[in-house]
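Colleague: Below are the structure tokens for one structure; questions will follow.
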Amino acid sequence: MDTCSGTPVSLTLGRRRIEGVLRAVGEFVEMPGTPGCPARRLRNLILDFGSACAPVEVWLAEPEPHEPLAPAPSPASRS
């Protein structure tokens with residue numbers, strides 16, 4: 001697992017938004033899909049939201065090699 005210097009992250013749940021930092025990037029696992037479909041590659045991340053909660057472990061799907069990464073939202077679109 002690679003530790004990080006605290007890249008900012010945010011989590012939006014309905015109208016509530018909490019801010020935190022990325023603490024670590026872990027390994028990946030291949031999650032089997034439905035029969036006849038390829039497996040999905042999931043990457044492990046550890047997020048720290050400070051006093052809002054304990055560190056959170058999440059698994060995010062990595063894009064397929066042919067899928068471009070989604071652009072980050074601009075600051076103007078965050079309201």
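Colleague: If you take the residues of region 42-79 that are surrounded by 12 or more Cβ atoms within 10 Å (Cβ to Cβ) and assigned to a loop (DSSP other than H, G, I, E, B), which of them is modelled with the highest pLDDT?
Modeller: Taking the candidates together, the pick is F49.
Colleague: Can you list residue pairs whose Cβ atoms sit under 8 Å apart, with the first residue in region 11-33 being free of Cβ contacts under 8 Å to residues at least 40 places away in the same chain and the second being part of a strand (DSSP E or B) and exposed (fewer than 10 other Cβ atoms within 10 Å of the Cβ)? Count only pairs 6 or more apart in sequence or on different chains.
Modeller: E19/P8; G20/P8; V21/P8; L22/P8; A24/D2; V25/D2; G26/D2
The values are calculated or read from the model by the stated rules, or taken from the named source; none is laboratory data. The structure presented is a predicted model; accordingly, all values stated were derived computationally and were not measured. Note: ideal-geometry Cβ built from the backbone for every residue, glycine included; neighbour counts use all protein chains shown.
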